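Q: For reference, the structure I am asking about is given below.
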Amino acid sequence: MEPLVSKWHRELELFSAVKPLLILEGNVLDQHRYPVAGSIPEDELAPLPRYLHGYLTDSGYKQVVFYSNLIGFMNPYAPEMLSAFALMTETSVKNGAIPAEFKGNGAETAPNIIRRALMQSAVPTAVVMELASHYIVTPERMDQHDVNSFNLLMQSALSAATVRTTMGRKPNLLILLVSKVNDLPAWFYLNNPACKVITLETPDREERKRLISGPVFATFFDSAVYRTDWPWYAEHPEELERLQERFVGLTEGMTFTELDAMRRLSKRECTPIRDLCSIVDLYKYGVKVNPWSTLSTESLRTAKADFQKRIKGQDAALERTLDVVKRAVTGMNGLSSSSTGKPKGVLFFAGPTGTGKTETAKALAEKLFGDESACIRFDMSEYGQSHSDQKLMGAPPGYVGYEAGGQLTNAVKKNPFAILLFDEIEKAHPSILDKFLQILEDGRLTDGQGSTVYFSETVIIFTSNLGMYVEDALGNRQPNVTMDMPYDEVESRLRDAIADYFKLELGRPEILNRIGENIVIFDYIRQEAGEAILRAQVDKIIRRLDEMKGIRVSVTDEAYEALQEAALADLSNGGRGIGNQVEALLINPLSRWLFDHDVTGNAAVAIEGFDVTAKPPCVRCRLEGTSDA
């Protein structure tokens, strides 16, 4: 198998021959696969310091030392190099290290020792400064000692000698390992002719595929399990390829260290080869059984009928919603995309207020996860400020609230199998929409504490009233849709208005592209649906009074017709408006009558009429078995 050399390793080979100062940023805490035969076995995973030691010695450097501001100079891989380094720099080794402070003015500070090492031309030398991000608080809070130390390092690199190695003439090297290059002062690396910044990315698809396809594959499994399962996969290589491709897709964005942890976890759990991908859920979420895999197909077959009991008059919207869920359950979600880590589904609910958008999300949570509380709601009107993204995702280190984390990231960490409902998304600040782009595309997000949060097992639902009103040529708001329009026209007008908002007003067509064709338009609550909603609410009130108080309430046909005529007189506020009318015309007057007549339980009450014009409205009732009203 040909060696697979990462981009950053090629850059290291190229620039270490001409640049005396290299800054390695990004995935520096990970283990890395050594790509060629040398002092480290080929394809072996090694921490970056060991990797660099192997590379530098293979490149002809005779002295390689590592510096930490906690320990000083050291070399755990070749202690004899440290002794030679001490002799060359006129320092002394104590307990396996050369103690040296990073800041100060003495000759024994780390920058001064490094300066002596880089300027000599007798022995090819490389100094690697580990966790250099931690040497100062922030570039903005540097004191004069910090400035002097970095200034001396820069001057040392600019003055570094070129020495003869077994691989040709090369400069003495100073290498800094940092999480982010901007943790260092900008003047240290910008426009510095001696400096090159090299970014280490997480393993790409090819590197992950090589890991799972090579000799390491067998080490993912207990030896007895592997011996039992392997013969079948040896005879069915297409199934093995399909399994490995899925694993590669599910581990997008993960480090080699995480992949190695999953390898050891899979082996310890005696995972069968066919269940290899389940180890990803176990590693990410700490669960062996994914709730998506235990969903009953019979339950989903009755889902539409179950939803129609709660959400009235929205058959088209419910059908579109369930299509997305069925696609996720059958494993067809994201087949047209290169990313397998996307959320299970993305829905954009739009339409008039009070039509059942939030109720549909709750019903979906109960159907999928058995509990309405699995629907986690965020009112996006609370996130309208430029800094609101910190409330959702967590404040960065050093800022107030850093320890608390973000409301969204904390919620998903606690319950990765959930419906995430973002109400009135158009009221969120545009900076938050940038975060949603990453969630919708990659299915993951790094919070303020540096932890990766995965959204691949969630369903994300946005709700909005966008398009209900548009501005005319004079800038005045006017209705874009009305109740007398058929549903097809309402849907067409709202879709067009939503597209115009994202493309023209917001200037973010990429957000619309991520949502795709999953815009679900809810219709107005029309007369037939309104009657069904009213009947359901009245029946619910009667049932609860009987269950809680033992009060059996009946409503005569004449009284119900009067209630229905008043409650459904204005359907512009949808089901929520009907609920408000039921409260004003039925609940309040009935509770007043029960209180005035000292009816506290174990009674039968007949409602014979409503006086909706009274101030406040009242009911005419009688206790069963009496003639009093």
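Q: Write out, first by first residue and then by second, each pair whose Cβ atoms fall under 6 Å of each other, whose residues are 6+ apart or on separate chains, and whose first residue, in the stretch 62-75, is in contact (Cβ under 8 Å) with a residue 12 or more places away in the chain while the second is open to solvent by 60 Å² or more (accessible area, probe 1.4 Å).
A: Matching pairs, first to second residue: Gly72/Pro99.
Q: Does Ala107 satisfy the condition of being of a type in the set (A, V, I, L, M) and not in a loop (DSSP other than H, G, I, E, B)? Full working, then the answer.
A: Working: of a type in the set (A, V, I, L, M): yes; not in a loop (DSSP other than H, G, I, E, B): no.
In short, no.
Q: Please list, ordered by residue number, the strands (runs of 3 or more DSSP E) wholly in the stretch 437-478 having 1 or more residues that are under 19 Å from the mean Cα position of the chain (by Cα). Can you show your working first?
A: Values: elements: 444-446, 452-454, 459-464, 469-471.
Qualifying strands (runs of 3 or more DSSP E): 444-446, 452-454, 459-464.
Q: Looking only at the stretch 580-629, how many residues end up being part of a loop (DSSP other than H, G, I, E, B) and among the acidic types (Asp, Glu)?
A: Result for the stretch 580-629: 3.
Q: Also, I was wondering about something else. For the stretch 402-430, give me the residue count where each residue is open to solvent by 30 Å² or more (accessible area, probe 1.4 Å) and among the small types (Gly, Ala, Ser). It would help to see each step written out before you state the result.
A: First, pick out the residues of the stretch 402-430 that are open to solvent by 30 Å² or more (accessible area, probe 1.4 Å): 402-404, 407, 410, 413-415, 424, 426-427, 429-430.
In the following step, the residues that additionally are among the small types (Gly, Ala, Ser) were identified as 404.
Qualifying residue count for the region: 1.
Q: When the stretch 434-451 is examined, which residues are found to be under 13 Å from Gly341 (Cα atoms) and open to solvent by 20 Å² or more (accessible area, probe 1.4 Å)?
A: Step one: filter the stretch 434-451 for residues under 13 Å from Gly341 (Cα atoms), giving 438-445.
Within the stretch 434-451, Gln438, Glu441, Asp442, Arg444 qualify.
Q: Let me ask another. Can we say Ala562 is small (Gly, Ala, Ser) and without any contact (Cβ under 8 Å) to a residue 24 or more places away in the chain?
A: Numbers: small (Gly, Ala, Ser): yes; without any contact (Cβ under 8 Å) to a residue 24 or more places away in the chain: no.
When the stated conditions are applied, Ala562 does not pass them.
Q: Okay, next question. Tell me the residue from Leu173, Leu131, Leu177 that is within 25 Å of His53 (Cβ to Cβ) and modelled with pLDDT under 95, please.
A: Working: Leu173 fails: modelled with pLDDT under 95; Leu177 fails: modelled with pLDDT under 95.
It is Leu131.
Q: Considering only residues that are in contact with a Gly (Cβ under 8 Å, 6 or more places away or on another chain) and farther than 18 Å from Gly54 by Cβ, which ones fall in the stretch 1-42?
A: Result: Met1, single match.
Q: Just to be sure before I move on: is Gln155 without any contact (Cβ under 8 Å) to a residue 40 or more places away in the chain and surrounded by fewer than 19 Cβ atoms within 10 Å (Cβ to Cβ) in the structure I sent?
A: Values: without any contact (Cβ under 8 Å) to a residue 40 or more places away in the chain: no; surrounded by fewer than 19 Cβ atoms within 10 Å (Cβ to Cβ): yes.
Answer is no for this residue.
Q: Just one of Leu52, Leu45, Leu29 is within 26 Å of Ser213 (Cα to Cα) and surrounded by 21 or more Cβ atoms within 10 Å (Cβ to Cβ); which is it?
A: That would be Leu52, the only listed residue that is within 26 Å of Ser213 (Cα to Cα) and surrounded by 21 or more Cβ atoms within 10 Å (Cβ to Cβ).
Q: With a cut-off of at least 3 residues that are within 23 Å of Ala107 (Cα to Cα), name the strands (runs of 3 or more DSSP E) lying wholly within the stretch 125-191. First the steps, then the outcome.
A: On the way: elements: 125-129, 162-165, 168-171, 173-178.
Result: 125-129, 173-178.
Q: Could you grab me the full set of residues in the stretch 369-392 that are open to solvent by less than 10 Å² (accessible area, probe 1.4 Å) and outside any loop (DSSP other than H, G, I, E, B)?
A: Initial filter on the stretch 369-392 (open to solvent by less than 10 Å² (accessible area, probe 1.4 Å)): 374, 380, 383, 388, 392.
Once the filter is applied, which keeps residues that are open to solvent by less than 10 Å² (accessible area, probe 1.4 Å) and outside any loop (DSSP other than H, G, I, E, B), the stretch 369-392 yields Ala374, Met380, Tyr383, Leu392.
Q: List the number of the failed condition for Glu517; all other conditions in (1) modelled with pLDDT of 90 or more; (2) within 30 Å of Val346 (Cβ to Cβ) hold.
A: For Glu517, the failing item is (1).
Q: Would you point out which residue out of Arg576, Arg535 is open to solvent by 40 Å² or more (accessible area, probe 1.4 Å), assigned to a helix (DSSP H, G or I) and modelled with pLDDT under 90? Steps first, please.
A: Numbers: Arg535 fails: modelled with pLDDT under 90.
Arg576 is the lone residue from the list that is open to solvent by 40 Å² or more (accessible area, probe 1.4 Å), assigned to a helix (DSSP H, G or I) and modelled with pLDDT under 90.
Conditions (1) over 25 Å from Leu322 (Cα atoms); (2) more than 42 Å from the chain's Cα centre (by Cα); (3) polar (S, T, N, Q); (4) part of a loop (DSSP other than H, G, I, E, B), marked per residue:
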position: Asp523; (1), (2), (3), (4): no, no, no, yes
position: Lys540; (1), (2), (3), (4): yes, no, no, no
position: Met548; (1), (2), (3), (4): yes, yes, no, no
position: Ala559; (1), (2), (3), (4): yes, yes, no, no
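Q: Out of curiosity, is Asn602 within 20 Å of Gly313 (Cβ to Cβ) and surrounded by fewer than 16 Cβ atoms within 10 Å (Cβ to Cβ)?
A: Working: within 20 Å of Gly313 (Cβ to Cβ): no; surrounded by fewer than 16 Cβ atoms within 10 Å (Cβ to Cβ): yes.
No, not satisfied.
Q: Next question. So which residues in the stretch 12-22 are open to solvent by less than 40 Å² (accessible area, probe 1.4 Å) and either in contact with a helix residue (DSSP H, G or I) (Cβ under 6 Å, 6 or more places away or on another chain) or of a type in the set (Asp, Glu) (or both)?
A: The answer is Pro20, Leu21.
Q: Mind telling me which of the residues Leu512, Leu504 ends up being without any contact (Cβ under 8 Å) to a residue 24 or more places away in the chain, within 30 Å of Pro343 (Cβ to Cβ), open to solvent by less than 30 Å² (accessible area, probe 1.4 Å) and part of a helix (DSSP H, G or I)? Break it down into steps so the answer makes sense when it comes.
A: On the way: Leu504 fails: open to solvent by less than 30 Å² (accessible area, probe 1.4 Å).
Exactly one of Leu512, Leu504 is without any contact (Cβ under 8 Å) to a residue 24 or more places away in the chain, within 30 Å of Pro343 (Cβ to Cβ), open to solvent by less than 30 Å² (accessible area, probe 1.4 Å) and part of a helix (DSSP H, G or I), namely Leu512.
Q: Would you say Thr257 is in contact (Cβ under 8 Å) with a residue 12 or more places away in the chain and touching an Asp or Glu at 6+ places or on another chain (Cβ under 9 Å)?
A: Numbers: in contact (Cβ under 8 Å) with a residue 12 or more places away in the chain: yes; touching an Asp or Glu at 6+ places or on another chain (Cβ under 9 Å): yes.
Yes.
Q: Could you name every one of the helices (runs of 4 or more DSSP H) located completely within the stretch 226-311 that has at least 3 residues being at pLDDT below 85 and open to solvent by 30 Å² or more (accessible area, probe 1.4 Å)? Reasoning before the result, please.
A: Working: elements: 237-250, 256-268, 278-285, 297-301, 303-310.
Once the helices (runs of 4 or more DSSP H) in the stretch 226-311 are filtered for at least 3 residues that are at pLDDT below 85 and open to solvent by 30 Å² or more (accessible area, probe 1.4 Å), what remains is 297-301.
Q: Exactly one condition in (1) over 26 Å from Leu420 (Cα atoms); (2) touching a residue at least 12 places away in the same chain (Cβ under 8 Å); (3) out of contact with any Leu (no Cβ under 8 Å at 6 or more places or on another chain); (4) open to solvent by less than 40 Å² (accessible area, probe 1.4 Å) is not met by Asp523; state its number.
A: Evaluating Asp523 over (1) over 26 Å from Leu420 (Cα atoms); (2) touching a residue at least 12 places away in the same chain (Cβ under 8 Å); (3) out of contact with any Leu (no Cβ under 8 Å at 6 or more places or on another chain); (4) open to solvent by less than 40 Å² (accessible area, probe 1.4 Å) leaves (1) as the failure.
Q: Here's a follow-up. Need the failing condition index for Val553 against (1) in contact (Cβ under 8 Å) with a residue 60 or more places away in the chain; (2) surrounded by 18 or more Cβ atoms within 10 Å (Cβ to Cβ); (3) over 29 Å from Lys427 (Cα atoms), just the number.
A: Val553 satisfies every listed condition except (1).
Q: Looking for something open to solvent by less than 20 Å² (accessible area, probe 1.4 Å), in contact (Cβ under 8 Å) with a residue 40 or more places away in the chain and part of a loop (DSSP other than H, G, I, E, B) - is there at least one such residue anywhere in the stretch 344-353?
A: In the first step, residues of the stretch 344-353 are kept if they are open to solvent by less than 20 Å² (accessible area, probe 1.4 Å); the result is 345-352.
If we keep only those that are in contact (Cβ under 8 Å) with a residue 40 or more places away in the chain too, we end up with 345-352.
From what is left, the residues that are part of a loop (DSSP other than H, G, I, E, B) are 351-352.
Scanning the stretch 344-353, I find at least one residue that is open to solvent by less than 20 Å² (accessible area, probe 1.4 Å), in contact (Cβ under 8 Å) with a residue 40 or more places away in the chain and part of a loop (DSSP other than H, G, I, E, B), so the answer is yes.
The values are calculated or read from the model by the stated rules, or taken from the named source; none is laboratory data. All figures in this text were calculated on a predicted structure; none of them were measured in a lab. Glycine gets a Cβ as well: all are built from the backbone with ideal geometry, and neighbour counts include every protein chain shown. The protein model used for the area step is the full one, side chains on, heavy atoms only, and it has no ligands, DNA or RNA in it. Shrake-Rupley method; radii C 1.70, N 1.55, O 1.52, S 1.80 Å.
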